[in-house]
1. Please verify whether the stretch 243-253 includes one or more residues that are within 13 Å of the ligand (Cβ to nearest atom), under 28 Å from residue 46 (Cβ atoms) and surrounded by fewer than 18 Cβ atoms within 10 Å (Cβ to Cβ).
2. Can you name every residue in the stretch 413-425 that is more than 32 Å from the chain's Cα centre (by Cα) and assigned to a loop (DSSP other than H, G, I, E, B)?
3. Kindly check whether there is at least one residue in the stretch 205-213 that is within 11 Å of the ligand (Cβ to nearest atom), in contact (Cβ under 8 Å) with a residue 60 or more places away in the chain, part of a helix (DSSP H, G or I) and under 19 Å from residue 165 (Cα atoms).
4. Take residue 265 and decide whether it is assigned to a loop (DSSP other than H, G, I, E, B) and within 16 Å of the ligand (Cβ to nearest atom).
5. Is it the case that some residue within the stretch 426-433 is in the same structural domain as residue 310 (by TED's automatic domain parsing), under 24 Å from residue 300 (Cβ atoms), modelled with pLDDT of 95 or more and part of a helix (DSSP H, G or I)?
6. Among the residues of the stretch 168-204, count how many are closer than 15 Å to residue 19 by Cβ and not in a helix (DSSP H, G or I).
7. Would you mind listing the strands (runs of 3 or more DSSP E) fully within the stretch 19-133 where at least 1 residues are modelled with pLDDT of 95 or more, assigned by TED's automatic domain parsing to the domain that holds residue 187 and within 23 Å of residue 209 (Cα to Cα)?
8. Which residue is surrounded by the fewest Cβ atoms within 10 Å (Cβ to Cβ), if the candidates are limited to the stretch 384-412 and must be within 16 Å of the ligand (Cβ to nearest atom) and in a loop (DSSP other than H, G, I, E, B)?
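The values are calculated or read from the model by the stated rules, or taken from the named source; none is laboratory data. Since this is a predicted model, take the numbers as computed values, not measurements. So basically every Cβ, Gly included, is an ideal-geometry build from the backbone, and we count neighbours across all protein chains shown.
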Ligand code: UDX
């Protein structure tokens, strides 16, 4: 099939590459000419495992092309995906200006019957707005064409996005008509072969499904973080509790990790947008608000523990920091818990020696004006001259460090484990003090 994808960001690029990889003829459009230029030279502007290979393979085969032109977008296909960002506005609501400007630009160019599918995460009702914008432009141009819209939210985890796309656990499709169902069913058939994972529903329900899924997952994390904070004071190990409750099939073992709070480009933004959406219709969204509050507190949890460890004064202390990205296998720093930790540590007079396998370039941008952070080329180097070590991202290479060496290197011989990666007893046996999140030893 011929497919156009608007947006060469994280979602748009993965979508384009994966559609091309099963034989579709894909054009991916972005207004950022630098980004398109890089892509046309075979450079991938973001880090996502496996994506570079798929983009290269399909570009070489001529099935994946990049362009900045809306003319190319509509000329190429009558099936067009919108996958542009919907960042937070100042009041927390989703900023739809990118999505709507796509709709206007497309509407001005459309020359034949077209199905426009919204993949961006958008509040309920956005499809109607997009359709209205398209129709207004089409009318003004006097074109005699039919345009339809559909909703097809993504559920891609960063660091596993290609796999999530190729082997989805569900494909949510919100449609207004049978014809759109047929087109999208055919498009997704290669990803939907051994079991039907396609859920066809009305457009508004599809739009909401995305928000509800992210809200549920965020609630699970905030719930576990709250349990962890209670556990800490009661001498309970939240990791044992995680196994215990996760064995109940109604709860399940996934996404129950206590830690430094959730970050990333989706959960915080989508939760805020859902709260604003609820506000706008007079609903109070108490659970969602609490989940945000718990998360905000949790982002400061490691700082609190470090501060208490130093008797309330961290002035002049040096903290080795392992991990900057909001989670492992990505260079993404958006809303990363490390940002809160670095801000607090440096504001209260400590210096930070930070190492991350992928996110240092992005971190340099974020901490441009921060005094007191330096970056190192290895995890070990970050510990040189440091008083204590804090781990905030669960990169594989941090999982099994040389604890004896750490005990010999860190002046204050203490490890703050923001991801509960280590066995407290083993760490202690190697001469370090250990502080995790909810490991039953609140200081
Ligand atoms: C998320 C959703 O999973 C995905 O379906 C959606 O489309 C986009 O948002 P992503 O932001 O890539 O994906 O990250 P995810 O792996 O879901 O983690 C989000 C945050 O929660 C990270 O900061 C992670 O460290 C944290 N987390 C996750 C926990 O603190 N504990 C957990 O048990 C799981």
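1. No: the stretch 243-253 contains no residue that is within 13 Å of the ligand (Cβ to nearest atom), under 28 Å from residue 46 (Cβ atoms) and surrounded by fewer than 18 Cβ atoms within 10 Å (Cβ to Cβ).
2. Answer for the stretch 413-425, where residues must be more than 32 Å from the chain's Cα centre (by Cα) and assigned to a loop (DSSP other than H, G, I, E, B): just 413.
3. Among the residues of the stretch 205-213, at least one is within 11 Å of the ligand (Cβ to nearest atom), in contact (Cβ under 8 Å) with a residue 60 or more places away in the chain, part of a helix (DSSP H, G or I) and under 19 Å from residue 165 (Cα atoms), which makes the answer yes.
4. It is true that residue 265 is assigned to a loop (DSSP other than H, G, I, E, B) and within 16 Å of the ligand (Cβ to nearest atom).
5. Yes.
6. Of the residues in the stretch 168-204, 4 are closer than 15 Å to residue 19 by Cβ and not in a helix (DSSP H, G or I).
7. Those strands (runs of 3 or more DSSP E) span 79-82, 114-118.
8. This residue is 399.
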